[in-house]
Every structure is written in C-alpha cells, then in structure tokens.
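The structure appears below as structure tokens.
The values are calculated or read from the model by the stated rules, or taken from the named source; none is laboratory data. What you see is a predicted model; the values in this text were computed from it and never measured. Please note: Cβ atoms are built from the backbone with ideal geometry, for glycine as well, and neighbour counts cover all protein chains shown. Areas reflect the complete protein model, heavy atoms only, side chains present, ligands, DNA and RNA absent. Shrake-Rupley method; radii C 1.70, N 1.55, O 1.52, S 1.80 Å.
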Amino acid sequence: IVNIAKEQKAIINLEELKNIRERIKYSKKMNKRLHNWNFYQLQTFIEYKANAEGLKVVYVKPNYTSQMCSACGHIDKRNRPNQSTFKCKACGYEANADYNASVNIANVL
C-alpha cells in the first residue's frame with residue numbers, strides 16, 4: 001500500500017475501524033476469525049511506513065461506504081445483495097463490493 005502510494009504521490013485513505021468488533025455480526029466461526037485480527041496493528045504499520053516516506057494518512061468514517069454506489073452516489077442497503085456483490089438499485093452499476101467501497105473511501109478527499 002505504501003509503495004503504491006509513494007509511486008503515485010498519493011494520500012492513503014483508511015477506513016476508521018474504531019468499534020469494528022461491535023459493528024460486525026457474522027457467524028460464530030467468522031466472528032472469531034475477524035476478532036483475532038488486530039486491525040489497529042495493521043493501521044499502525046501502514047501509518048508508520050507512510051510517515052517514514054513522508055506520505056499523509058487520512059481516516060475516513062465508514063458510514064455507508066459499502067452501501068453507496070461509487071458511480072452515482074445512491075445509498076441503499078439493497079445495493080449489497082450479498083457479501084461480495086454490489087449492484088446499484090438506482091443506476092444498475094455492478095462491481096465487487098470491496099472494490100466499490102474502496103473507490104468510495106478513495107474519493108473522500
């Protein structure tokens with residue numbers, strides 16, 4: 001992430017992950033997997049390396065990043081028919097759900 005941002009002379013946008021454990025509700029098995037991952041540590045590593053390279057890191061509020069269409073801006077829970085698929089109910093745009101959310105996060109600035 002830091003190497004790509006350095007090549008592109010870009011700012012790194014990260015989703016603010018505070019209280020993620022309280023917000024995410026999956027199966028017992030998946031919750032255990034996710035809750036063992038240290039999101040704070042990952043962000044700390046990225047921030048540390050970015051600072052060493054003189055790059056700026058911005059934290060973005062996660063509100064609706066996965067429900068908002070990156071093409072037209074329409075927000076609807078139904079835009080996510082399943083975990084991996086994004087299909088906008090307004091304009092019909094389709095993409096991988098993670099890709100769509102990452103475009104929304106990148107476009108915050």
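Only a single criterion out of (1) in a helix (DSSP H, G or I); (2) in contact with a His (Cβ under 8 Å, 6 or more places away or on another chain); (3) modelled with pLDDT of 95 or more is not satisfied by Tyr48, namely (2). Among the residues of region 75-109, the ones that are open to solvent by 60 Å² or more (accessible area, probe 1.4 Å), farther than 28 Å from Asn3 by Cα, part of a loop (DSSP other than H, G, I, E, B) and not charged (D, E, K, R) come to 6 in all.
Scanning region 84-99 for residues that are touching an Asp or Glu at 6+ places or on another chain (Cβ under 9 Å) and polar (S, T, N, Q) yields Ser84, Thr85.
Would you check which residues across region 56-87 are out of contact with any strand residue (DSSP E or B) (no Cβ under 6 Å at 6 or more places or on another chain) and touching a residue at least 24 places away in the same chain (Cβ under 8 Å) and list them? Residues satisfying the conditions are Lys56, Lys61, Thr65, Ser66, Cys69, Ser70.
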